[in-house]
Amino acid sequence: MEELRRRITEYCDRGVVKGISMTRQIHISHLIFVNDILFGGEASTLEWSHFHQLLSTFGSILGLILNKNKSKMISHHLDEEVTTQICDIFGIT
């Protein structure tokens, strides 16, 4: 998990993913719990494709898969079409 956290931070530092803006200087891209990860980001299919790529890469290395029964997309004032496209990236409803 530490390597995944490092890679996500690297993506944020390079501007590949932006996360959620809390203030002008504070952005939250992920929260890691014991065996769960909460991702936050912009309403961009490109940004979520990068998150998916990271998860797929580390999942294949570690033999882990996304639990689609536990995964949810929570959006706030987001266009339904964009929400559907992001869910499709991860194969969730």
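Working from the Cα coordinates of the chain, the gyration tensor eigenvalues give, after taking √(5λ), semi-axes of 19, 18, 12 Å in decreasing order.
Calculated mean residue ellipticity, 222 nm, the chain: -14500 deg cm²/dmol, from DSSP H runs (n ≥ 4) at -39500 (n - 2.57) each, averaged per residue and rounded to 500. Averaged over residues, the count of other Cβ atoms within 10 Å places the peptides 50-61, 27-38 in the sequence 50-61, 27-38, highest first.
Here the spin labels are modelled as points 7 Å beyond Cα on the Cα-Cβ line, and at Ile74 and Asp36 they lie 0.9 nm apart. Taking all protein chains into account, the per residue accessible area for the range 18-93 stands at 76 Å² (1.4 Å probe). Here the chain has 54 percent of its accessible surface on carbon and sulfur atoms, given a 1.4 Å probe and all protein chains in place.
A compact globular protein would have a Cα radius of gyration near 2.2 N^0.38 Å; the ratio found for the range 29-75 is 1.16.
The values are calculated or read from the model by the stated rules, or taken from the named source; none is laboratory data. All of these numbers come straight from a predicted model, not from anything done at the bench. For neighbour counting, all protein chains shown are included, and Cβ atoms are generated from backbone atoms with ideal geometry for every residue, glycine included. Accessible surface is based on the protein model in full, side chains and every heavy atom, while ligands, DNA and RNA are left aside. Shrake-Rupley method; radii C 1.70, N 1.55, O 1.52, S 1.80 Å.
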